[in-house]
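Single-structure report; data block below.
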Amino acid sequence: MKEVLLKIKRQDNPQTKPYWEEFKVPLTPKMNVISCLLEIQKNPVNVKGQQTTPIVWDCNCLEEVCGACTMIINGIARQACAALVENLTQPIVLQPLTKFPLVRDLMVDRIKMFENLKKIRAWVPIDGTYYLGPGPKVSQSVQEKVYPISTCMTCGCCMEACPYVNNKSNYMGPTAMAQVYLFNSHPTGAMEKEKRLDAITGDGGIADCGKALNCERVCPKEIPLVSIIGELNRQTTFRSFSRWLFK
Amino acid sequence: MSVQYHYIARRLHSLSGLIPVGVFLLVHLFINSFVLKGPEAYNQAVELLNSSAVTPWLEVFLIGIPIAYHGFYGLWVTYVSKTNMFRYQYFRNWMFYLQRITAVITLIFVLWHVYVLRIARIFTGTEMTYDIFHQWASNPNYFVIYIIGFLAAIFHFANGLWAFAFSWGITIGPESRKIWTYICVLIFVVLGIAGINILTAFK
């Protein structure tokens, strides 16, 4: 029987030290990393034959739409559900994302990205005390341009690959920038355009981008993050000058 | 809303790299290029510069302070980054790393260069002439240091031009970024050849 060898970085809680543990699971057709982890869960015995605890990881949709199962697989941040064993070199090395606080094993707390979305007002303001009527139409060309951005699942791949998302820097990361662009493109969302642009000219804003441009390369949804940041660079440039010159 | 100090500091850092520091780098190369016409032409050019009463003011306010800001704030910017070019081996990620490596090399080189040739001169009172640089350039060790320092500086300048265009929202789409990359490479090659010729002329 063919087997899959996995090397997993484990950590029992944020205070303890991480350690590596290897596992062998039977290979089944069309297997992905999640199904390997499920096999370990059924029989949590490592390659040395020692009984151990099952691996803790996060997952939800299992079709690369929710982003919950993002982890570092053979060195690259990606979704475990979309990582097919047949396309991976063995041993398959699994590590938790390094840019987020660790919970346990492969599970991290990605709330930071949600907090960033709040900072940049990533919503269309429609709350009111009376019926506001139907919103304005969005043109076909705008729809086509922003649709890829709306597929962002805040998985954190771009955050993981970005040299400026780390403990020493407050940079909100490419994901937040993309959402500024998305909601500024919406006719109703655009009513708060200046607020969003001001949010990304603040602390942890767009100026922290170091132009390594890894974000676009690792984005599983192929969102044109670099062009988006480039266009926001232009908008924040004009915005910051006009804020000053019209004062 | 409050003034966006962080944003302004970063953008000033980007701007100062081009104006005045980058422009000064070009002027510096241009003045040194007089050596290609012989020692006398070089000495005359240096004398002309030093004969103006404004030169020391320009040196402090247009060169010294902007370089210090760009250099030391840039060190902080470098410190807060976490490079990963071995894990994510993409062209721009390597450029990102090289930009920071050349930044540190250039800063050390410039500090040494300015101390030895400009600040020490205030105490000793020696005039800057072709003969002094000839002595420096004739020493193989110093010559190599100069080549490394110079290439690091123009790499940082050329790649910095690329980054400047992106940071200020001039090049946005992939096509414009690509063409600008080619132009920046060309700038690096042309300045590199010019500079090495000038350095060799001092030998």
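Rule-based calculations on the coordinates, nothing more; no lab input. All of these numbers come straight from a predicted model, not from anything done at the bench. Don't worry about glycine lacking a Cβ; one is built from the backbone with ideal geometry, like all the others, and counts go over all protein chains shown.
Remarks
- Counting only Cβ charges, +1 for Lys and Arg and -1 for Asp and Glu, the dipole size of the protein assembly as shown around its Cα centre is about 440 debye.
- Entries in A:Lys112/A:Lys137; A:Lys7/A:Lys118; A:Lys9/A:Lys30 that, when Cα-Cα distance is taken, lie over 26 Å: A:Lys112/A:Lys137; A:Lys7/A:Lys118
- Average beta carbon contacts from partner chains per residue of A:162-171, 10 Å cutoff: 4
- Amide proton proximity set for A:Arg10, modelled H, under 5 Å, gap of 5+: A:Tyr19, A:Trp20, A:Glu21
- Using C-alpha pairs below 8 Å separated by at least 6 residues, the relative contact order for region A:128-186 is 36 percent.
- In this label model, B:Leu36 and A:Glu222 are separated by 4.8 nm, measuring between points 7 Å along each Cα→Cβ vector.
- Whole-angstrom gap from region A:177-208 to region B:31-67, using each part's C-alpha centre: 46
- For region A:105-209, relative contact order (Cα pairs under 8 Å, six or more residues apart, normalised by length) works out to 36 percent.
- Shielding by partners, peptide B:87-96 (average Cβ within 10 angstrom, other chains): 6
- Across peptide A:211-219, the mean count of Cβ atoms from other chains lying within 10 Å of each residue's own Cβ comes to 6.
- Helix-only arithmetic for the protein assembly as shown: the sum of -39500 (n - 2.57) across DSSP H runs with n ≥ 4, divided by the residue total, places the mean residue ellipticity at 222 nm at -16000 deg cm²/dmol.
- By the beta carbon rule, with partners counted only under 4.7 Å, chain A holds these lone Cys residues: A:Cys36, A:Cys81, A:Cys152, A:Cys155, A:Cys157, A:Cys162, A:Cys209, A:Cys219.
- Prolate is the label for chain A, because a/c, from the alpha-carbon gyration tensor with a ≥ b ≥ c as root eigenvalues, is 1.5 or above and a/b exceeds b/c.
- Three-way shape call for region A:135-217 based on the alpha-carbon gyration tensor, with the a/c threshold at 1.5: oblate
- Taking a ≥ b ≥ c as the square roots of the eigenvalues of the alpha carbon gyration tensor, region A:3-108 is oblate, as a/c is not under 1.5 and a/b does not beat b/c.
- Values of log10 I(q)/I(0), in the order q = 0.15, 0.17, 0.18 Å⁻¹, for chain B under a Debye, Cα-only, solvent-free model: -1.05, -1.29, -1.41
- Close amide-amide hydrogen proximity is noted between A:Thr70 and A:Ala80, each under 5 Å apart and 5 or more residues distant or on a separate chain (H modeled in the peptide plane; Pro and chain starts excluded).
- Note, ³J(HN,Hα) from phi for region A:153-167, Karplus 6.51, -1.76, 1.60, rounded to Hz, x at Gly and Pro: 10, 6, 6, x, 4, 5, 5, 5, 7, 7, x, 9, 9, 6, 5
- Counting every alpha-carbon pair across the protein assembly as shown, the share separated by more than 34 Å comes to 47%.
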